[in-house]
Amino acid sequence: MNEKYAPSEVEQAARDHWNACDAYRVVEDASKPKFYACSMLPYPSGKLHMGHVRNYTINDMLTRQLRMKGYNVLMPMGWDAFGLPAENAAMKNKVPPAAWTYDNIAYMKSQMQAMGLAIDWSREIATCKPDYYRWNQWLFLKMLEAGIAERRTQVVNWDPVDQTVLANEQVIDGKGWRSGATVEKREIPGYYLKITDYAEELLAAVADPSDKNFLSGWPERVRLMQENWIGKSEGVRFAFPHAIRGEDGQPIQDGLLYVFTTRADTIMGVTFCAVAPEHPLAAHAARTNPALAAFIEECKQGGTTEAELATQDKKGLATGLFVTHPLTGEQVEVWVGNYVLMSYGDGAVMGVPAHDERDFAFAKKYGIAIKQVVAVEGETYSTDAWAEWYGDKQRGVCVNSGALDGLTHKQAVDKVAELVGTKGLGEKKTTWRLRDWGVSRQRYWGTPIPIIHCDSCGPVPVPEKDLPVVLPEDCIPDGSGNPLNKRADFLNCSCPKCGAAAKRETDTMDTFVDSSWYFMRYCDATNPEQMVANGTDYWMPMDQYIGGIEHAILHLLYARFWTKVMRDLKLVKIDEPFTKLLTQGMVLNHIYSRRGEKGGIEYFWPHEVENQFDASGKIVGAKRKSDGSMVDYEGVGTMSKSKNNGVDPQELINEYGADTARLFVMFASPPEQTLEWNDSGVEGAHRFLKRVWGFGAKHAEAIKAGGADFAALNDDGKALRREVHLVLKQVSYDYERMQYNTVVSGAMKLLNALEGFKAEGQSAAVREGFSVLLRVIYPACPHIAHALWTELGFAAELGELLDAPWPQVDEGALVQDQIELMLQVNGKLRGSIKVAASADKATIEAVALANPEFEKFAEGRTPKKVVIVPGRLVNVVV
């Protein structure tokens with residue numbers, strides 16, 4: 001074998017071998033335990049980044065090690081290929097999104113293959129292909145039939161210049177990202193999926209450990225994020241009566257302004273009500289109030305999501321309208337607030353400035369009265385500044401509240417529910433933060449919604465026999481709206497009901513639809529007749545899901561919902577899709593920047609600068625190597641192309657090999673923690689692999705001739721075996737808990753032990769130790785391990801490394817004939833002694849007292865006491 005490690009040759013030969021024998025194709029096999037391990041499918045943006053490398057290497061290590069343990073393991077891959085970035089790239093490069101997407105898929109797939117990932121490519125899917133998205137359309141129609149999907153209006157961001165709907169991230173300071181036009185809010189029709197029908201079940205699995213589907217294999221923080229997003233709230237929904245009449249002469253909303261609150265105990269502190277800009281009372285008041293009409297128009301330029309409203313400046317304007325307090329009969333002024341969403345609850349909130357921080361700030365800003373109605377013993381209330389205890393419902397009791405005085409929060413809520421119920425104005429109610437999922441997107445590059453619009457019949461579902469509705473792949477968006485509206489060959493069709501001329505729906509589906517079930521399609525990826533079939537019965541639920549924390553809410557929630565819908569439609573037999581979840585940490589790197597004369601920020605690659613350090617060794621700045629000019633150091637942050645701090649995996653593979661890249665990202669940090677990039681760490685990983693190769697080459701003959709005669713080993717050989725099996729025991733445990741950084745540490749300990757061993761006449765121990773080392777590092781570094789395994793004859797004895805048995809700990813090897821004990825004299829370390837492992841106390845004492853080191857330091861004094869700590873030390877007190 002070659003004495004020098006040549007990564008490119010080793011890795012190409014290994015991949016050629018695996019491709020020739022179709023090593024990673026997986027079929028259902030009832031004779032083996034199954035394990036389905038899956039990484040979240042990537043968006044084909046153009047190139048892999050180090051986050052991808054880390055994610056997929058975690059999955060690959062899990063897959064390879066479990067296969068060695070006898071599992072039938074599935075590791076598939078696909079592409080989340082629809083979405084807005086492809087349209088943006090198409091406008092920039094003037095190419096169809098399809099061409100850009102397929103080119104990127106081809107390149108990224110070649111990078112994955114260069115990494116040596118054990119992916120079953122026969123199951124590859126791309127969500128932009130008709131054979132995949134036809135099933136999006138099919139299930140959507142089934143949801144329509146079942147009443148889970150329905151058509152209603154939705155509020156969107158509308159760019160009046162580009163004549164298109166914008167995603168929230170395309171609205172910058174209230175203006176369209178491309179046109180710069182002031183964005184409007186518009187209500188347009190769209191399709192919604194009733195995820196709220198599943199709210200209780202979705203919540204129970206993340207919040208109730210007694211629930212049969214509780215996701216105990218998920219990180220606690222992810223369960224909590226889901227619980228908060230679902231947001232179950234128990235409170236009282238009640239109405240403020242009024243006599244405000246619309247233009248038709250009828251009371252608006254039947255003369256009742258409804259609100260929901262979890263703090264009904266503060267009802268006597270209401271000093272205003274706030275309604276959404278789209279609320280009927282706001283529209284009524286604006287007809288005769290130009291200032292209010294202008295304010296409502298201003299509100300329409302803001303965000304449409306709860307997250308955006310939470311961060312924007314809270315603004316309001318009085319309507320001049322009043323409603324009646326349901327318990328006191330007092331008149332309460334109605335305001336329009338930009339922080340109130342029409343789509344949440346009834347589009348109105350009660351304002352209790354004394355006990356709600358947002359209302360307090362709003363009241364102080366606009367001079368609205370503040371009335372304390374909750375007190376906490378030992379605390380003093382002041383309207384000068386907000387204090388945390390003002391909102392404390394656990395310690396507070398009602399004051400200044402008439403019949404509620406002295407009641408605790410729970411008692412007061414019950415009493416208020418009783419009082420408004422007696423008046424027919426309200427009742428206890430449970431509400432949810434979760435809202436139904438709007439899946440209509442007014443964009444081109446996505447799954448066409450299978451609906452036909454007929455002037456006579458209205459919206460008509462596309463017949464199942466006509467699926468898929470195929471998206472034209474040659475459109476090039478130009479920013480002037482959805483190009484499908486200009487494609488007569490797509491748009492014009494006949495009504496399936498009456499045969500009259502009709503138009504296709506040009507809205508496409510939210511791309512979260514594509515990623516909500518792809519993991520099930522992997523199980524039956526090539527089935528043209530069914531969305532899912534027997535493969536799903538075998539593989540699901542998924543045993544281990546791996547992906548970033550950024551997907552902890554929406555993607556995972558939608559995937560759980562989609563699974564439950566498929567279950568209820570008798571397509572699958574499971575309640576939850578993912579048994580275990582690992583959210584891997586981000587890959588970080590140093591960030592260097594400098595602000596230019598015009599205010600723009602220029603970023604520099606780490607290799608372009610030389611760090612400046614303070615006295616403690618901390619980086620405080622940097623200089624450009626090219627001209628010595630100063631550069632600001634921003635610390636470490638997530639790798640990003642925009643900040644010039646990414647590392648191209650392909651460059652790393654070209655220079656050091658894929659195994660080095662894989663080894664570094666596994667060794668540098670535990671999988672769930674962030675990883676800080678370190679060039680010297682990469683070089684260290686490469687040096688380790690060179691040492692592994694060098695040891696194999698140097699001891700090739702001894703390893704090949706080693707055999708398994710352990711009875712003839714001398715003490716050194718037995719000591720090596722003991723070290724090997726101690727490390728193997730720990731490494732096997734670390735594999736089980738997916739702590740791959742300590743797996744690599746274990747491999748390094750094994751190599752150190754082998755390199756420090758005198759192999760003459762002890763080849764059995766060397767052969768066994770090296771075979772264990774190769775199997776330990778194989779999941780992380782499959783190419784080099786495969787080459788050495790084959791070259792040194794292990795494949796002939798134990799079979800292909802792919803399916804070689806995972807090494808078993810020999811408990812007999814852990815038993816020591818002799819043990820070493822530290823020798824202390826008067827508590828100070830003075831040497832060591834060796835005794836038989838079975839030696840009794842008297843024998844140990846005798847050996848210790850006969851030791852030359854004891855005689856030297858005792859200086860002739862008689863021992864007063866001998867203290868023995870079993871297995872560790874002997875302390876002689878003189």
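Table for the structure above
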{"item": "Amide H contacts under 5 Å for S640, placed H, 5+ residues apart", "result": "N645, G646"}
{"item": "The range 712-804: C-alpha gyration tensor shape, a/c 1.5 cut-off, then a/b vs b/c", "result": "oblate"}
{"item": "Trypsin sites (Lys or Arg not before Pro) restricted to the range 667-749 and DSSP loop, no more than 16 other C-beta within 10 Å", "result": "R737"}
{"item": "Computed helical MRE - 222 nm, the chain, DSSP H runs ≥ 4 contributing -39500 (n - 2.57), nearest 500", "result": "-10500 deg cm²/dmol"}
{"item": "Selection of trypsin sites (Lys or Arg not before Pro), the range 563-593, meeting DSSP coil and at most 14 other Cβ within 10 Å", "result": "K570, K573"}
{"item": "³J(HN,Hα), Karplus 6.51/-1.76/1.60, whole Hz, each residue of the range 613-628, x for Gly, Pro", "result": "10, 8, 5, 8, x, 7, 6, 10, x, 7, 10, 5, 5, 6, 9, x"}
{"item": "Euclidean distance between Cα centres, the range 163-206 to the range 420-434, Å", "result": "28"}
{"item": "Which listed pairs, of K232/K415; K94/K142; K194/K300; K314/K415, have C-alpha distances above 28 Å, in listed order", "result": "K94/K142; K314/K415"}
{"item": "Lysine pairs meeting the criterion (Cα under 18 Å, 8 or more apart or interchain), as found in the range 663-814", "result": "9"}
{"item": "Given charges at beta-carbon only (K, R positive; D, E negative), |dipole| of the chain in Debye", "result": "700"}
{"item": "Euclidean distance of C-alpha centroids, the range 787-806 and the range 325-348, integer Å", "result": "73"}
{"item": "Qualifying GluC sites (Glu not before Pro) for the range 1-73 [loop in DSSP, other Cβ within 10 Å: at most 15]", "result": "E3, E28"}
{"item": "Dipole magnitude (debye, nearest 20) for the range 715-800, charges at Cβ of Lys, Arg, Asp, Glu", "result": "240"}
{"item": "Whole-Hz ³J(HN,Hα) from phi, Karplus 6.51 cos²θ - 1.76 cosθ + 1.60, for the range 536-551, glycine and proline x", "result": "5, 4, 7, 8, 8, x, 5, 7, 9, 10, 10, x, x, 5, 5, 9"}
{"item": "Between the range 86-141 and the range 209-236, the Cα center-to-center distance that results, in Å", "result": "33"}
{"item": "Beta bridges by DSSP in the chain, antiparallel share as percent, to the nearest 5", "result": "75"}
{"item": "Whether the chain is rounded, prolate or oblate, judged on the alpha carbon gyration tensor where a/c under 1.5 counts as rounded", "result": "prolate"}
{"item": "Relative contact order [Cα under 8 Å, 6+ residues apart], the chain, whole percent", "result": "14"}
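Since every read-out is calculated from the coordinates, none of them should be taken as a lab result. Predicted model, so just to flag it, every value in this text is computed and none were measured. Note: ideal-geometry Cβ built from the backbone for every residue, glycine included; neighbour counts use all protein chains shown.
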